[in-house]
Amino acid sequence: MIKLLLGLKTFSNQKSSDWKLNMGLLSVMLIAGVIVISSCESDEPEIISAAPLKDTPKDDRLTGKEAYISHDNPRTGAPYTEEELAALSYDPGKEDQYNPGGNVSLDIVIQLEPQKIEVLIGDNQSLMVIENPTIDGNDQYVANFSTNFDDLGFGPGEDRTLSFVITYNNASDGVAASVQTLDFTFRMANVRPRALAFLKKSNGETLEIKSQVTGVAQKEDLKYGHIFTFDGTDDYLSLIDSDDLSFRYTDDYSVSIWINTTSSNSDPVIIGDKDWGSGGNPGFLFAHIGTEWKLNLGDGASRVDITGGTINDGQWHNLVATFNRDGDAVIYQDGEEVGRSDMSGIGNMNSGFPIRLAQDGTSGYGLWYEGMTSEPVIYDYVLSSGEVAGINEDKELFNVQLRKNDGTVSLLNVDHQSGTAIELDTVRQKHRIVRTFNGDPDLATINDGGDLDFRFAGDFSVAVWVNTTVSQSDPVIIGDKDWGSGGNKGFLLAQIGSNWKLNAGDGNGNRIDANGNDINDGFWHLIGVTFDRDGSAVIYQDGVALEAVDMSGLGDMTSGFPMRLAQDGTGGYGLWYEGKTSTAYVFDYALSESEMAALYGE
């Protein structure tokens, strides 16, 4: 249950309507757009989830008059200068960095008369409704959102995104109200070194674990956070032990870490706190055993060992162990359980050493881990299988996902041409990787290593998130064919003016085409197609089937080119997609209508 504490300021004609978060004053519950205020002694109310937004007809009044967010430079408190804006690597109209304790003030500037401005947080939860914004000297409607950064409830390493959902008055009696959503992400400025490890508690708290680095190369990564590269010779990282971590000696807990290595060393420690001179010594560790990894734990008298899967393939892997004192120790790799063993007979595991990365607890073991690690997290409780899967799902939003009919999900690497801008952004209330293509020579290539060859002669499905405001004809959004002719082998989804289309062919005079709806309205749309080789190809937009076309006459579609984003398979088509894409999905089977609708809802 979330408790929201607000101080409300009366709207006036002299100043933009605003509201200020003021923790400790009032409990506010929003019900159907009405603010209900109760005293602090009353039961805590629940924030009511906002009703799902319904599709509405396109409102031409918004073209060129879209709302936007404006604010001062949070580091200076003054309006951004041209030089400051030019130095930024992100769009301050969509996100910005704030110091702890700093004030936040956002102006939502609206060109057309709004009916309602609703503020959402998290999974479509309504924070409040702003009504009656004032009009400035440029005849624009302005509403102000103000708070203190600390009141946004950050945990270390976390971001917060608010959505401002603007419902406009009807254009006429026959046209429904239009809706525009502005997302803004608040990030914590690097006013101190970023946390290298975290403690997550069952009460929802996230705490930094202080760390000491010994000779480790470090870098920041958009997807994996703080990456450490260990040379396998003398590098290691120590977590400064404290009473906050002492629960691991006798209570339930879990450990998670991301690793990437090509080494086949045996048997250096990846993370652990025990003297690895003997597996029976008290404490725990993850060890790199040749091509695989293992969990070892002991209490000085008894020990448990569980072996995991292959990890030295040069890919990122998430390794997790959960320790249930009354049951099993369970290990997971990339979100899937790979082993378990009873640990109810294990006693006190106090090793007397701190937790270290790339070395055992003594820091004097004769072998050293060689490779990369990221995001070590200690939990003071046993993670469920669903929670472990969630750790991996967060990362899956960044790559192209291959989802198979047997339920497995793998991530396909994407190579980007140097012009592609890549950033973390919010797409339908989820943080995802967003690629921005500028319409110049600018593309991304999906490296599948043959894993996508099923698309040549078998059933498959493809979907991708797109966002554009331009009208262009006819660059490729995603596909693998030579777009010099629609009859060439392969498939693609291309933008055609304001909308999009599917084209596929087999190079023998057989081709299929189907047209989608408008996508150039500046909103995120999920476009996709399912290929049933014995039946139809069906195109979808935002989870809804638009058109089906018989494809039973199409033969082999092997184009000889990889799948690309923003270009055709050759990478040399004369027109280039201009806009954004986010998570792309490839399936080795034809999705049903309900499965495509569920994908849109993820």
Boolean, Ala545 is in contact (Cβ under 8 Å) with a residue 24 or more places away in the chain and either in contact with a Leu (Cβ under 9 Å, 6 or more places away or on another chain) or of a type in the set (Val, Ile, Thr) (or both): no
For residues in segment 323-368 being in contact with a strand residue (DSSP E or B) (Cβ under 9 Å, 6 or more places away or on another chain), in a loop (DSSP other than H, G, I, E, B) and of a type in the set (S, T, N, Q), which is surrounded by the fewest Cβ atoms within 10 Å (Cβ to Cβ)? Ser344
Residue list for segment 369-393, filter: part of a strand (DSSP E or B), open to solvent by less than 20 Å² (accessible area, probe 1.4 Å) and either touching a helix residue (DSSP H, G or I) at 6+ places or on another chain (Cβ under 7 Å) or closer than 16 Å to His288 by Cβ (or both): Gly371, Thr373, Ser374, Pro376, Ile378
Matching option when the condition is surrounded by 23 or more Cβ atoms within 10 Å (Cβ to Cβ) and at pLDDT 95 or above, among Gly458, Gly490: Gly490
Residue that is nearest to Ala590 (Cα to Cα) [pool: residues in segment 439-452 that are open to solvent by 10 Å² or more (accessible area, probe 1.4 Å) and touching a residue at least 60 places away in the same chain (Cβ under 8 Å)]: Asp448
Please go through (1) modelled with pLDDT of 75 or more; (2) aliphatic (A, V, I, L, M); (3) more than 22 Å from His71 (Cβ to Cβ) for Ala177 and return the number of the only condition it doesn't satisfy. (1)
For residues that are closer than 30 Å to Thr181 by Cα and either free of Cβ contacts under 8 Å to residues at least 40 places away in the same chain or of a type in the set (D, E, K, R) (or both), tally how many sit in segment 512-537. 6
When every residue in segment 118-132 that is in a strand (DSSP E or B) and at pLDDT below 85 is compared, the one farthest from Thr147 (Cα to Cα) is Gln125
Looking at segment 539-548, can you tell me whether even one residue there is buried (at least 19 other Cβ atoms within 10 Å of the Cβ) and β-branched (Val, Ile, Thr)? yes
Considering only segment 278-308, state which residues are in contact with a Lys or Arg (Cβ under 8 Å, 6 or more places away or on another chain), part of a loop (DSSP other than H, G, I, E, B) and within 16 Å of Arg325 (Cα to Cα). Pro282
Any residue in segment 95-110 that is part of a strand (DSSP E or B), more than 27 Å from the chain's Cα centre (by Cα) and either among the charged types (D, E, K, R) or under 23 Å from Ala143 (Cβ atoms) (or both)? yes
Please indicate, with yes or no, whether at least one residue in segment 570-581 is touching a strand residue (DSSP E or B) at 6+ places or on another chain (Cβ under 6 Å), among the aliphatic types (A, V, I, L, M) and touching a residue at least 60 places away in the same chain (Cβ under 8 Å). yes
Look through segment 133-160, keep the residues that are among the acidic types (Asp, Glu) and part of a loop (DSSP other than H, G, I, E, B), and return whichever of them is modelled with the lowest pLDDT. Glu158
Do you know which of the residues in segment 250-277 that are under 23 Å from Leu383 (Cβ atoms) and surrounded by fewer than 17 Cβ atoms within 10 Å (Cβ to Cβ) is farthest from the chain's Cα centre (by Cα)? Thr250
For segment 218-239: of the residues being at pLDDT 85 or above and open to solvent by 30 Å² or more (accessible area, probe 1.4 Å), which is nearest to Val269 (Cα to Cα)? Tyr236
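The values are calculated or read from the model by the stated rules, or taken from the named source; none is laboratory data. Please read all numbers here as calculations on a predicted model, not as lab measurements. Here Cβ is always computed from backbone atoms with ideal geometry, including for glycine, and neighbour counts include all displayed protein chains. Quick note on the areas: whole protein, heavy atoms, side chains included, nothing else; ligands and nucleic acids left out. Shrake-Rupley method; radii C 1.70, N 1.55, O 1.52, S 1.80 Å.
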